[in-house]
Amino acid sequence: METFKGEAYVIARAPLTESSLIVTLFTRNWGVMKAVAKGAKRLKSPLRGTLETFSRVEAAIARKEHAPLGQLRACDLVSGSLDLYGEWKRSAVLASMQEVLQRGLVEGSQEEETFRLVGTVLDNMRSGIEPRLAWLYFGAWFLRLHGVLPSPDRCVGCGADPRPLLYEAGHSGWLCASCRGDAMGQGQPVGPEAELLMGRVMKSPLGKLEPSAFQGKAANELGSMIYLALAAFLGRPLAARETLENAYGDDAGSH
Ligand SMILES: [Zn+2]
């Protein structure tokens, strides 16, 4: 029996029995781990209130070697997440982030940079950043950290400068006019302004991004591109897409 002790975000939980849950934890040191939270649904359980999605916890998981499921032995709340869910646009972004993490992270593979990305986005949301900007930042960085959002300086087909840019989710990158060929019209065109915005997302800390710059057509292009790339990475559209579109329907633009 091994014990894993350390920081984690609660990513999901599902009922196992009348009193117990299976929780999915995104740990800093071991990536995603699943564990049985025995008795967590009981009123007097010390685990109650610690297992909300995106709660940050100090967890101890005991697990037999190679077992898929551990046992949650202890779980202390570092910071709760209920305060984040009061506002519906933010809730829509949190639901989308949760889905990306749940589907996009491989169990047992350490991803400290992604772990820190989650922390950055949650902290900034808590300080009142515009949720859609947080979503763009999270999406762009999640893709970059998983190697599917290369710098837009060369065509993934031939290496030429592909301007005007067309993001082809099927090719995980940018295609020039000649490599595009028949694919023309299937990708997401990304104009110079949207490219500039992407550059800012990649270079500036989230808290330093100017929310007013991330509105209108260019931000919509960037948003559509990020969405397409995420859906391609995850293998199918996000279930949370509708929630996200409802939250941002006013400026959904190209949808
Ligand atoms: Zn090319």
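What follows draws every value from the coordinates through simple rules; no lab data is involved. Keep in mind it's a predicted model, so treat the numbers as computed, not measured. Reconstructed Cβ throughout: ideal geometry from the backbone, glycine too, with neighbour counts over all protein chains shown.
Packing-based ranking of 68-78, 19-29 yields 19-29, 68-78, ordered from highest to lowest mean Cβ neighbour count within 10 Å. Under the simplified labelling scheme, the Ser109-Ser79 pair shows an inter-label distance of 2.8 nm, with each label point 7 Å from Cα along Cα→Cβ. Among the GluC sites (Glu not before Pro) in the stretch 1-37, those placed in a DSSP loop whose Cβ has at most 14 other Cβ atoms within 10 Å are Glu18. Distances between every pair of Cα atoms in the stretch 2-80, grouped in 5 Å steps from 0 to the bin holding the largest one, split as 3, 18, 31, 29, 14, 4, 0 percent.
Counting every other Cβ atom within 10 Å of each residue's Cβ, Thr53, Thr120, Thr3 order from fewest to most as Thr3, Thr120, Thr53. Among Tyr85, Tyr227, a tally of other beta-carbon atoms within 10 Å of each Cβ gives an order, fewest to most, of Tyr85, Tyr227. Taking the number of Cβ atoms within 10 Å of each Cβ as an exposure proxy, the fewest-first ranking of His146, His66 is His66, His146. Close amide H pairs (under 5 Å, H built 1.01 Å from N) link Arg73 with Ala60, Ile61, Ala62, residues at least 5 positions away or on another chain.
By average Cβ neighbour count within 10 Å, what is the ranking of 166-176, 86-96 from highest down? Don't jump to the answer; show the numbers that get you there.
Details: 166-176: 20.8, 86-96: 18.5.
The packing order, highest mean first, is 166-176, 86-96.
Once the chain from Thr17 to Lys203 is taken as fully extended at 0.36 nm per residue, the excess over their C-alpha distance is 62.3 nm. Net charge in the neighbourhood of Glu210 (other residues with Cβ under 15 Å of its Cβ; Lys, Arg +1, Asp, Glu -1) is +2. Applying the Karplus relation 6.51 cos²θ - 1.76 cosθ + 1.60 with θ = phi - 60° to the stretch 165-174 yields 3J(HN,Hα) values of 6, 9, 8, 10, 4, x, 9, 6, x, 9 Hz, where x marks Gly and Pro. Relative to one another, the C-alpha centroids of the stretch 203-227 and the stretch 90-160 are positioned 13 Å apart. Its Cα gyration tensor gives the chain an equivalent ellipsoid. The semi-axes, each the square root of 5 times an eigenvalue, are 36, 20, 15 Å from largest down.
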